[in-house]
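Participant: Can you keep this structure in mind? I'll have questions shortly.
The values are calculated or read from the model by the stated rules, or taken from the named source; none is laboratory data. Not measured: the values here are computed from a predicted model. Counting neighbours? That spans all protein chains shown, and the Cβs are built from the backbone with ideal geometry, glycine included. Ligands, DNA and RNA are excluded from the accessible area calculation, which covers all protein heavy atoms including side chains. Shrake-Rupley method; radii C 1.70, N 1.55, O 1.52, S 1.80 Å.
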Amino acid sequence: MSERSADPSVETRTRHDQHGLWPIAETVEDFRRNLATVNARIEAACAQAGRDKNSVRLLPVSKTVDEARIRLAHEAGCLMLGENKVQEASRKWQAMNDLQALRWSVIGHLQTNKAKVVAQFASEFQALDSLRLARALDRHLQDAGRSLDVFVQVNTSGEDSKYGLRPEEVAALLRELPAFSSLRVRGLMTLAVLSAEPERVRSCFRLLRNLRDQLRQDRPDGIEIDELSMGMSGDYEIAIEEGATVVRVGQAIFGARSTPDAFYWPGASDTH
Ligand SMILES: *Cc1c(COP(=O)(O)O)cnc(C)c1O
């Protein structure tokens with residue numbers, strides 16, 4: 001079954017040209033409306049690709065958003081939130097631990113010496129990129145009596161500025177992971193090139209899917225690599241066409257960030 005669009009003359013566009021233009025959500029109603037819009041687009045992209053809409057999970061990304069607005073988003077139905085920086089995530093977790101149902105996913109690069117912080121509160125970590133970090137996370141999780149869903153981050157754009165393993169390094173890390181019983185390996189994560197050219201973005205996503213398909217064939221016992229976390233506000237529809245099972249969407253839900261992309265991805269090109 002083809003996962004590409006049925007009509008090849010209709011190219012799915014990126015929305016990277018909208019950075020800075022997404023309206024700021026300030027009420028529960030705003031959040032409900034934005035979530036409905038994003039969910040409708042996810043559903044349409046799934047239909048286009050011949051996929052079940054329930055095969056894609058929306059992970060709202062709340063980095064830079066203050067507590068008051070996060071509480072509104074939670075009220076509108078956001079039960080798990082993605083944060084790029086661990087200190088910011090940990091601070092928010094402490095401030096909002098009265099919200100029993102709210103869980104946190106850390107989606108940004110983590111230094112090994114901060115593994116303990118993630119082990120304390122996160123439900124999911126999407127930026128695993130070294131054996132050292134896996135070992136540190138597992139040790140702190142054991143101490144805390146917790147476990148963690150993890151995604152291995154892959155650099156699919158070849159840009160030096162992007163974190164993640166090179167595609168050819170992933171198999172070797174996966175082979176080591178069954179030793180860490182507190183880590184539940186779920187799949188792979190990537191950030192595409194921030195480009196307005198859909199084909200360049202698409203080729204990053206396609207690389208991740210092909211890598212997952214190839215790794216799944218001789219995966220180590222106890223490791224699952226079904227999930228593909230790829231796609232953000234500017235490109236999630238293309239990611240879904242290419243097989244994304246998790247899309248990480250911030251600005252299309254919360255509104256434009258004033259922090260430039262380069263703060264999170266040093267050297268991020270401003271081609272959009
Ligand atoms: C910020 C961020 C996103 C979401 O980006 P938006 O443009 O806000 O949708 C996705 N993934 C990662 C790793 C991020 O840091």
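Participant: Averaging sequence separations of C-alpha pairs under 8 Å and six or more residues apart, then dividing by the length of the chain, give the relative contact order as a whole percent.
Facilitator: On the way: 536 pairs, mean separation 66.8, N = 272.
The value is 25 percent.
Participant: Same structure again: What translational diffusion coefficient, in µm²/s and rounded to a whole number, does the Stokes-Einstein relation yield for the range 81-182 at 20 °C and a viscosity of 1.002 mPa s, taking the hydrodynamic radius as the Kirkwood radius over Cα pairs?
Facilitator: Working: Rh = 14.0 Å.
Stokes-Einstein gives a translational diffusion coefficient of 153 µm²/s.
Participant: Is the C-alpha gyration tensor of the range 198-253 telling us rounded, prolate or oblate? Criteria: a/c under 1.5 is rounded; beyond that, a/b larger than b/c is prolate, otherwise oblate. Walk me through the numbers on the way to the answer.
Facilitator: Numbers: a/c = 3.85, a/b = 1.76, b/c = 2.19.
Oblate.
Participant: Could you tally the net charge around Ala25, taking each other residue with its Cβ under 13 Å from the Cβ of Ala25, Lys/Arg +1 and Asp/Glu -1?
Facilitator: Working: positive: Arg32, Arg33, Arg69, Arg71, Arg257; negative: Glu26, Glu29, Asp30, Asp66, Glu75.
Neighbourhood net charge equals 0.
Participant: Stretch Arg200-Glu224 to full length: gain in nm at 0.36 nm per residue minus the Cα-Cα span? Don't skip to the end; give the middle numbers.
Facilitator: On the way: separation 24, 0.36 × 24 = 8.64 nm, distance 2.81 nm.
That pair, Arg200 and Glu224, stretches by 5.8 nm at full extension.
Participant: List residues of the range 129-160, by number, whose backbone nitrogen lies under 18 Å from a label position 7 Å along Cα→C-beta of Arg184.
Facilitator: Counting backbone N atoms under 18 Å from the label point, the list is 137-152.
Participant: Turning to a different aspect of this structure: Using only Cα positions of the range 162-257, each an equal point scatterer, no hydration layer, compute I(q)/I(0) via Debye at q = 0.18, 0.20, 0.22, 0.23 Å⁻¹ and quote the log10 values to two decimals.
Facilitator: For the requested q values the scattering log ratios are -0.84, -0.97, -1.11, -1.17.
Participant: How high is the relative contact order of the range 121-221? Use alpha-carbon pairs under 8 Å, at least six apart in sequence, and give a whole percent. Write out the running numbers ahead of the final one.
Facilitator: Details: 146 pairs, mean separation 29.0, N = 101.
Over the range 121-221, the number comes to 29 percent.
Participant: While we're here: How large is log10 of I(q)/I(0) for the range 68-125 at q = 0.17, 0.22 Å⁻¹ when the intensity is taken from the Debye formula with one equal scatterer per alpha-carbon?
Facilitator: Evaluating at q = 0.17, 0.22 Å⁻¹ gives log10 I(q)/I(0) of -0.50, -0.81.
Participant: Follow-up question, since we're still on this one. Output the relative contact order of the range 200-272, whole-number percent, from Cα pairs under 8 angstrom with separation of 6+ residues.
Facilitator: On the way: 67 pairs, mean separation 17.1, N = 73.
Relative contact order of the range 200-272: 23 percent.
Participant: For the chain, how big is the tail of P(r) above 27 Å, as a whole percent of Cα pairs?
Facilitator: On the way: 13244 of 36856 pairs.
Of all Cα-Cα pairs in the chain, 36 percent lie more than 27 Å apart.
Participant: If you don't mind, there's one more thing I want to ask. Less than 21 Å apart at the alpha-carbon level, and either on another chain or at least 8 residues along: which lysines does that give for Lys162?
Facilitator: Partners found: Lys63, Lys85, Lys114.
Participant: According to a simple spin-label model (label point 7 Å from Cα along Cα-to-Cβ), what is the distance in nm between Met80 and Thr112?
Facilitator: Inter-label distance under the simple model: 2.8 nm.
Participant: Putting +1 on Lys and Arg Cβ atoms and -1 on Asp and Glu Cβ atoms, find which of Gly158, Leu148, Ala172 reaches farthest to the positive end of the dipole of the range 115-214.
Facilitator: Toward the positive end, the furthest listed residue is Leu148.
Participant: Still on this structure, I have one more. Over the Cα atoms of the range 16-147, compute the convex hull volume and normalise it per residue, giving Å³. Could you put the intermediate results ahead of the total?
Facilitator: On the way: hull volume 18.5 nm³, N = 132.
Per-residue hull volume (Cα only) is 140 Å³.
Participant: Now, a different point. For the chain, what is the mean residue ellipticity at 222 nm derived from helices alone (per DSSP H run of n ≥ 4: -39500 (n - 2.57); sum divided by total residues; nearest 500 deg cm²/dmol)?
Facilitator: Values: 9 runs with 99 residues, N = 272.
Taking each H run of at least 4 residues, the total per residue is -11000 deg cm²/dmol.
Participant: Using a Förster distance of 30 angstrom, determine the FRET efficiency expected from the C-beta separation of Asp213 and Ser161, and round it to 0.05. If you can, show how the numbers build up before the last one.
Facilitator: Values: r = 27 Å, r/R0 = 0.90.
Efficiency computed from Cβ-Cβ geometry: 0.65.
Participant: Using a probe radius of 1.4 Å on heavy atoms only, what accessible surface per residue do you get for the range 92-240? Whole Å² is fine.
Facilitator: On the way: 6280 Å² over 149 residues.
Accessible area per residue, the range 92-240: 42 Å².
Participant: In addition: With the calculation restricted to Cα positions, what are the radius of gyration and Dmax of the range 125-199 in angstrom?
Facilitator: Here Rg and the maximum Cα pair distance are 13.8, 46 Å.
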